[in-house]
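> Pasting a structure below so you can have a look.
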Amino acid sequence: MTERDRDEHGRPQSRRPRDELGRPLPPGSEGVARIPDDLELPPAETLAFAQDLLDRGLAFNAHEVLEAAWKNAPDDERSLWQALAQLAVGITHVQRDNGRGAVSVLSRAAAVLAHDDTGRRYGIDAAGLADYAHALIDDMSADTVITPERLRPRLVHRSE
């Protein structure tokens, strides 16, 4: 059995390359660029980075960016960043044709986003994202074809 990669604290790490949907590839394969485990960005940069990744169809990577923000967020913002990370995971499940997983994670994200206004200071449209998640769930339940463009929600309000 091969030894698993570990960080300086002994926690297991996965250094295997991943495809654009975050699935592990065989060692030595060329995958998409990984998000650094120690990523720490201000909220506006986090949102811009995650939005760029979502817009390019890289929801798994957007999830990693948002997860880093969740881990580094002040206590009063953690549930917001966690819900945003879950939204990206839900989109990843849709991309992977895992409807059951998508519904589960999108439902959890929507439940928090529908009642969280802490993101207003960053322009996050939490209520709109909750509505987006519910509409996506409804369309999946109705076997509506979900296009790649549909999996690119706006995390913040657009400036007019």
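> Working carefully through the options ASP76, ASP52, find the one that is outside the structural domain of GLY22 (by TED's automatic domain parsing), surrounded by fewer than 15 Cβ atoms within 10 Å (Cβ to Cβ) and free of Cβ contacts under 8 Å to residues at least 12 places away in the same chain.
Result of the check over ASP76, ASP52: ASP52.
> While we're here: Between residues in region 127-143 that are assigned by TED's automatic domain parsing to the domain that holds ARG100 and residues that are basic (Lys, Arg), which pairs lie under 9 Å by C-beta distance while being six or more apart or on different chains?
Here the result reads GLY128/ARG154; LEU129/ARG154; TYR132/ARG154; LEU136/ARG150; ASP139/ARG150, each pair linking region 127-143 to a residue that is basic (Lys, Arg).
> Can you find a residue in region 4-23 that is assigned to a helix (DSSP H, G or I) and of a type in the set (D, E, K, R)?
Among the residues of region 4-23, not one is assigned to a helix (DSSP H, G or I) and of a type in the set (D, E, K, R), which makes the answer no.
Residues are listed down the side, and each one gets a yes or a no for (1) among the β-branched types (Val, Ile, Thr); (2) assigned by TED's automatic domain parsing to the domain that holds SER141:
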{"site": "PRO24", "(1), (2)": "no, no"}
{"site": "ALA48", "(1), (2)": "no, yes"}
{"site": "PHE60", "(1), (2)": "no, yes"}
{"site": "VAL103", "(1), (2)": "yes, yes"}
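> Collect the residues in region 37-63 that are within 27 Å of ASP125 (Cβ to Cβ) and assigned to a loop (DSSP other than H, G, I, E, B), keeping them in residue-number order. Walk me through how you get there before you give the answer.
Looking only at region 37-63, we keep the residues that are within 27 Å of ASP125 (Cβ to Cβ), and these are 39-63.
Within region 37-63, LEU39, GLU40, LEU41, PRO42, ARG56, GLY57, LEU58 qualify.
> Identify the residue in region 105-127 that is over 16 Å from the mean Cα position of the chain (by Cα) and not in a helix (DSSP H, G or I) and, among all such residues, is nearest to LEU87 (Cα to Cα).
Selected residue: ALA114.
The values are calculated or read from the model by the stated rules, or taken from the named source; none is laboratory data. Small disclaimer: the values here were computed from a predicted structure and weren't measured. Neighbour counts are summed over all protein chains in view; Cβ atoms, including those assigned to glycine, are modelled from backbone coordinates with ideal geometry.
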